Amino acid sequence: MITIYHNSRCRKSREALELVKESGEVYEIREYLKNPPTREELRNVLQMLGLEPQDLLRKRESIFKDNYRGKEYTVEQWIEILVENPILIERPIVVRDSKAVIGRPIGKVVDLLHA
C-alpha cells in the first residue's frame, strides 16, 4: 500500500498524487494539514526517509521564520514542532511499504513506484 502525505494546494504534491494514481496500486491520501501525523508516525517516516526532523522543515514558511529560525531544539522538540505545525513539513512525502521519499524532484516518486 502507498500513502501520500498530500497538500492539494501544492503543485508537486498534485503531480505526485497523479503518479500514485497511475501506478494502479492501492493508496491512501493523507491530507496532513487536516490530519497531521502523530509523533510516532512522523518518527517512522523520518526513519524511512533517513532524515532528521530539521531536514523536513519548510524554512521559507513565515511560521518558521517568525518562531524557529536560528533556534536550537532537540530531535524530539523538532518532532513536536512539526506535529503541531504540519505546514512546516516538506511535501509531498510518498511511503510505499518500508520506503519513503520526498517528491522533490518528482523523479524520486517515479523511482519509488518502480522499485
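None of the figures in this text is laboratory data; all of them are computed from the coordinates on show. Here the structure is a predicted model, which means the values were calculated and not measured. Cβ: placed from backbone, ideal geometry, glycine included. Neighbour counts: every protein chain shown.
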Subject >> Cα pair count fraction exceeding 24 Å, expressed as % - the chain >> reply: 22 percent
Subject >> Packing rank of 23-34, 42-53, where each peptide gets the mean count of other beta carbons within 10 Å, highest leading >> reply: 42-53, 23-34
Original post:
Cα to Cα, under 18 Å, and not fewer than 8 places away if on the same chain: which lysines meet these conditions relative to K108?
Top reply: K12, K21, K99
Original post:
Roughly what angle does helix 39-49 make with the longest principal axis of the chain, taking Cα atoms, 0 to 90 degrees, to the nearest 10?
Top reply: 60 degrees
**OP:** Determine the gain in length on full extension of the stretch E52-S23; use 0.36 nm per residue of separation and subtract their C-alpha separation, reporting nm with one decimal.
**Re:** 7.6 nm
Original post:
Which length gain, in nm to one decimal place, applies between R39 and D66 when the Cα-Cα distance is subtracted from 0.36 nm times their residue separation?
Top reply: 7.4 nm
